[in-house]
């Protein structure tokens, strides 16, 4: 039987900007874990919300920091810097963990000797049907040298030294896709353990900007270009189908100005321009995982 006092320390890092009520739910889902060696690091990224009630309720249960608004990537970087755990577990302030997530995932990582891991997750929200998101269709539990492009951030746990020893940080200045770039940099260093179990719940907001076609067109190109800049041989790892989809997105950006991503007409044009790339990305994922 496992000696709980020997469990590795885990820092749960939570960036926060809006909706303190959801933040409370996120923290509660961590405090409900049966793992007994963790800390919670919350970084307030310049939120204008009144968080006095939150601090009164959780102040003695968390490590809390405030910073000027700089985006989610900068908040995560601050969280990593403040974390003291041997492992880092990521959780967004509007998402939740399932019961027993930490124990289960850390047990599997120890079993496989994995430096990092991720799992399936469930999406939920007022405007969407609850649905399981399978990261690698048809794949069995085990170590992989590729990572799903749709990885749920709240499912990831990583050994902190893998990040700090290699000088990795989340790319600041990116509104979308900074997490995905980070996972691609990690997979270039170490294989990842995939656990085909739902261990987190990701909230989908009705106005989720990342779901808009106009945003996708720009984000897909920025993701590809940044990975090509930071990861040696990245372009060669991408299939011709994926590269073609990115090229079409790059062409589509001509008709979808970045400064007008919120326009209704712009989104209409973007949906037309993104239709073929979207299908190509889906085909590529089906063929190559």
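Restricting to the range 30-58, what's the tally of residues that are assigned to a loop (DSSP other than H, G, I, E, B) and either touching a strand residue (DSSP E or B) at 6+ places or on another chain (Cβ under 6 Å) or surrounded by 12 or more Cβ atoms within 10 Å (Cβ to Cβ) (or both)? Before you say what the answer is, go through the steps one by one.
Of the residues in the range 30-58, the ones assigned to a loop (DSSP other than H, G, I, E, B) are 32-37, 46-51.
Add one more test, that the residue is either touching a strand residue (DSSP E or B) at 6+ places or on another chain (Cβ under 6 Å) or surrounded by 12 or more Cβ atoms within 10 Å (Cβ to Cβ) (or both), and what stays is 32-33, 35, 37, 46-47, 49, 51.
Residues flagged as assigned to a loop (DSSP other than H, G, I, E, B) and either touching a strand residue (DSSP E or B) at 6+ places or on another chain (Cβ under 6 Å) or surrounded by 12 or more Cβ atoms within 10 Å (Cβ to Cβ) (or both) within the range 30-58 amount to 8.
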What are the residues in the range 153-179 that are assigned to a helix (DSSP H, G or I), over 13 Å from residue 230 (Cα atoms) and touching a helix residue (DSSP H, G or I) at 6+ places or on another chain (Cβ under 9 Å), if any? 153, 154, 155, 160, 162, 163, 164, 179
First in the range 13-31 and free of Cβ contacts under 8 Å to residues at least 24 places away in the same chain, second anywhere and part of a strand (DSSP E or B), Cβ under 9 Å, 6 or more apart: 28/96
Looking at 130, 151, 146, which is the one that is modelled with pLDDT under 95 and more than 17 Å from residue 197 (Cα to Cα)? 146
Close pairs from the range 227-238: first without any contact (Cβ under 8 Å) to a residue 60 or more places away in the chain and not assigned by TED's automatic domain parsing to the domain that holds residue 184, partner part of a loop (DSSP other than H, G, I, E, B) and surrounded by 15 or more Cβ atoms within 10 Å (Cβ to Cβ), Cβ under 6 Å, at least 6 apart: 231/188
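Going by the conditions given, is residue 63 more than 25 Å from residue 184 (Cβ to Cβ) and touching a helix residue (DSSP H, G or I) at 6+ places or on another chain (Cβ under 7 Å)?
Details: more than 25 Å from residue 184 (Cβ to Cβ): yes; touching a helix residue (DSSP H, G or I) at 6+ places or on another chain (Cβ under 7 Å): yes.
It is true that residue 63 is more than 25 Å from residue 184 (Cβ to Cβ) and touching a helix residue (DSSP H, G or I) at 6+ places or on another chain (Cβ under 7 Å).
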Inside the range 232-257, can you point out the residues that are within 16 Å of residue 275 (Cβ to Cβ) and outside any loop (DSSP other than H, G, I, E, B)? 241, 244, 245, 246, 247, 248, 249, 250, 251, 252
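State yes or no: is residue 122 farther than 24 Å from residue 163 by Cα and either not assigned by TED's automatic domain parsing to the domain that holds residue 174 or not in a loop (DSSP other than H, G, I, E, B) (or both)?
Here the answer is yes, as residue 122 does meet what is asked.
Got a sec? Which of 289, 252 is modelled with pLDDT of 90 or more and within 19 Å of residue 149 (Cβ to Cβ)?
Details: 289 fails: modelled with pLDDT of 90 or more.
One residue alone meets the criteria, 252.
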Which condition does residue 193 not pass, out of (1) more than 13 Å from the chain's Cα centre (by Cα); (2) in contact (Cβ under 8 Å) with a residue 60 or more places away in the chain; (3) in a loop (DSSP other than H, G, I, E, B), if it passes all the others? (3)
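The values are calculated or read from the model by the stated rules, or taken from the named source; none is laboratory data. Here the structure is a predicted model, which means the values were calculated and not measured. When we count neighbours, we look across all protein chains shown, and the Cβ atoms used for this are built from the backbone with ideal geometry, even at glycine.
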